[in-house]
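Below you'll find the structure, written out as structure tokens, and then a few comments.
The values are calculated or read from the model by the stated rules, or taken from the named source; none is laboratory data. Note that the structure is a prediction, hence the values are computed from the model and not measured. With ideal geometry, Cβ positions are generated from the backbone for all residues, glycine too; neighbour counts draw on all protein chains shown.
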Amino acid sequence: MLVPKPFARFVFPLLMSVYMVVLMTFVITWVNTGLGDGFGARWWRAFYIAWPVAFVLILIGAPRLQRLTARLVSPKP
């Protein structure tokens, strides 16, 4: 599946936010509540609350952080 060019700027934030939120909410839910009964429901609740926040923050922050990284990393001599 290819994404049309006008939507390309949303692909990285989408992928990064899903990747990070799946892993982080899984680990945090596991640590806080264990893997017992209802884990999937607790994890899903944490995921659907956290994902939109992460997506927007990455969408807004990624370009600025990429510019900051470019300034902090010195070029090879």
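Only residues that are touching a helix residue (DSSP H, G or I) at 6+ places or on another chain (Cβ under 6 Å) and at pLDDT below 95 were counted in region 34-53, giving 0. Screening Ile58 with (1) without any contact (Cβ under 8 Å) to a residue 24 or more places away in the chain; (2) under 28 Å from Val3 (Cα atoms) gives one miss only, at (1). Looking at region 15-46, which of its residues are part of a helix (DSSP H, G or I), of a type outside the set (A, V, I, L, M) and farther than 23 Å from Val3 by Cβ? Those that are part of a helix (DSSP H, G or I), of a type outside the set (A, V, I, L, M) and farther than 23 Å from Val3 by Cβ: Thr25, Phe26, Thr29, Trp30, Asn32, Thr33, Phe39, Gly40, Arg42, Trp43, Trp44, Arg45. Scanning region 23-38 for residues that are surrounded by 13 or more Cβ atoms within 10 Å (Cβ to Cβ) and either farther than 18 Å from Ala62 by Cβ or without any contact (Cβ under 8 Å) to a residue 24 or more places away in the chain (or both) returns Thr25, Phe26, Ile28, Thr29, Trp30, Thr33.
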